[in-house]
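Take a look at the structure set out below.
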Amino acid sequence: SALTVRFVSGHFLEEYDPTIEDSYKRSFDVDGHVAMINVIDTAGQEEWHHLLDDYILSGQGFALVYSIIEHSSFTEVRSFYEKIERLKDEEAIPLVICGNKCDLEENRCVSTEKGQELAKELGGAFVESSAKTNHNVEEVF
């Protein structure tokens with residue numbers, strides 16, 4: 001998504017064409033050590049859900065991103081989480097729930113409180129971001 005591209009490259013794409021998947025890598029400093037993050041962005045494309053199992057099994061942490069201006073994307077977060085939970089079978093799954101496009105406040109369909117409630121219920125952190133304005137992009141990842 002545009003959020004991933006912003007995180008990796010620092011640039012915002014006005015028009016983003018979702019594909020089956022995109023893989024992005026970025027290194028950064030964590031407590032004086034270089035860490036590498038590999039982000040696999042499936043853009044939530046329904047027709048490619050069969051590829052998710054391998055990504056989930058190899059994943060060490062997950063950012064589930066929805067658009068605050070599309071309620072349907074918010075409802076899909078739970079489905080993705082349930083799939084992760086089923087496949088990972090772990091006590092604590094590192095998880096961030098992110099409401100993106102917070103620069104479009106006037107078109108908001110999903111309240112901040114709803115996002116916070118879902119994150120708490122699923123045991124994850126919560127953040128709202130904007131790929132366009134670069135608001136909280138680093139915090140998501």
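The values are calculated or read from the model by the stated rules, or taken from the named source; none is laboratory data. Small disclaimer: the values here were computed from a predicted structure and weren't measured. As a convention, Cβ positions derive from the backbone with ideal geometry for all residues, glycine included, and neighbour counts pool all protein chains shown.
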- Message: I need every pair where a residue in the range 43-65 that is farther than 16 Å from Tyr24 by Cα and surrounded by fewer than 17 Cβ atoms within 10 Å (Cβ to Cβ) has its Cβ under 7 Å from the Cβ of a residue that is modelled with pLDDT of 85 or more and not hydroxyl-bearing (Ser, Thr, Tyr), sequence separation at least 6 or different chains.
- Response: Asp53/Leu87; Leu57/Leu87
- Message: Return the residues of the range 71-101 that are over 20 Å from Val39 (Cα atoms) and touching a Lys or Arg at 6+ places or on another chain (Cβ under 8 Å); say none if nothing qualifies.
- Response: Phe74
- Message: Out of Arg26, Arg6, I need the residue that is at pLDDT 85 or above, more than 22 Å from Asp89 (Cα to Cα), of a type in the set (D, E, K, R) and not in a loop (DSSP other than H, G, I, E, B). Which one?
- Response: Arg6
- Kindly check whether there is at least one residue in the range 76-93 that is under 20 Å from Asp41 (Cα atoms), touching a helix residue (DSSP H, G or I) at 6+ places or on another chain (Cβ under 8 Å) and outside any helix (DSSP H, G or I). yes
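Test Gly99 against the criterion of being at pLDDT below 90, outside any helix (DSSP H, G or I) and surrounded by 14 or more Cβ atoms within 10 Å (Cβ to Cβ), and give yes or no.
Numbers: at pLDDT below 90: no; outside any helix (DSSP H, G or I): yes; surrounded by 14 or more Cβ atoms within 10 Å (Cβ to Cβ): yes.
Spelling it out, it is not the case that Gly99 is at pLDDT below 90, outside any helix (DSSP H, G or I) and surrounded by 14 or more Cβ atoms within 10 Å (Cβ to Cβ).
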